[in-house]
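A quick write-up on the structure given underneath.
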Amino acid sequence: MGSVARGRTGEDASAKERILTAAEALFAEHGFDATPTSRIAEQAGVPKGLVHYYFKRKTDLLSALVERLPDEHVETSRVVVPGDLAESLRRLVSELDQRLGASQVLSHLLWREADTHHAVRDALQDRFKVLVRQVEAVILAAGVGGLAMTDVESAAGLLALAVSYRHSVARHAEDDQPEQMERELTFIARALTFRAAPAT
């Protein structure tokens, strides 16, 4: 009895995963509004009723897809080079870009659907706030002393906006490389270092 229940749970998880994979592909290709749940069920190879069993409303599929985005939390100790702010920020952006690499299509479709679906927009805004706090932590850990917290917050917000924009359009910028943010990273690092330097 227990093994049957365990097998059934595995089957349920597999069906749910197939539904989400199908929804991601179809939403990316046709858009959320133009994709009926019957098409998702067909592509996932499950009865239509099973889609509604797991996801009461079609918009619940979008909320579940947000959860499939890669974890954006990066341990500060993994990227910080003490005393080298530019390199620390470079490593942070590189780590975030690597994580995006596995979910470019998903990231793009969620940014696109955020315009009309509050749940998606709110979830992406929450992720943006996490990103800002991460950049702040890296700036502070890099050891540039004497910085006003308002400068740290402003720099973190600007870099987080730049990273978020790149990730939102990544699917349409296949030739974009992390090196293309080098000017922005260098500018922010130099500006913060200048602000931290004592007046002579």
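The values are calculated or read from the model by the stated rules, or taken from the named source; none is laboratory data. Keep in mind it's a predicted model, so treat the numbers as computed, not measured. For neighbour counting, all protein chains shown are included, and Cβ atoms are generated from backbone atoms with ideal geometry for every residue, glycine included. Only protein heavy atoms, including side chains, enter the accessible area calculation; ligands, DNA and RNA are left aside. Shrake-Rupley method; radii C 1.70, N 1.55, O 1.52, S 1.80 Å.
Okay, here's what the table says:
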item: Helices (runs of 4 or more DSSP H) contained in region 88-168 and holding at least 2 residues under 15 Å from L69 (Cβ atoms) and of a type in the set (D, E, K, R); result: 104-113, 118-141
item: Subset of region 107-116 [more than 12 Å from the chain's Cα centre (by Cα) and surrounded by 19 or more Cβ atoms within 10 Å (Cβ to Cβ)]; result: E113, A114
item: Evaluation of D122 against (1) more than 17 Å from F187 (Cα to Cα); (2) in contact (Cβ under 8 Å) with a residue 12 or more places away in the chain; (3) surrounded by fewer than 17 Cβ atoms within 10 Å (Cβ to Cβ); (4) not small (G, A, S) (one fails), failing number; result: (2)
item: Search result, residues across region 58-87 that are part of a helix (DSSP H, G or I), within 27 Å of R183 (Cα to Cα) and open to solvent by less than 60 Å² (accessible area, probe 1.4 Å); result: T76, V79, L85, A86, E87
item: Filter result (open to solvent by 40 Å² or more (accessible area, probe 1.4 Å) and free of Cβ contacts under 8 Å to residues at least 60 places away in the same chain) within region 128-147; result: F128, K129, V130, R133, L140, G145, G146
item: The one condition in (1) within 14 Å of the chain's Cα centre (by Cα); (2) open to solvent by 30 Å² or more (accessible area, probe 1.4 Å); (3) at pLDDT 85 or above that R99 fails to fulfil; result: (3)
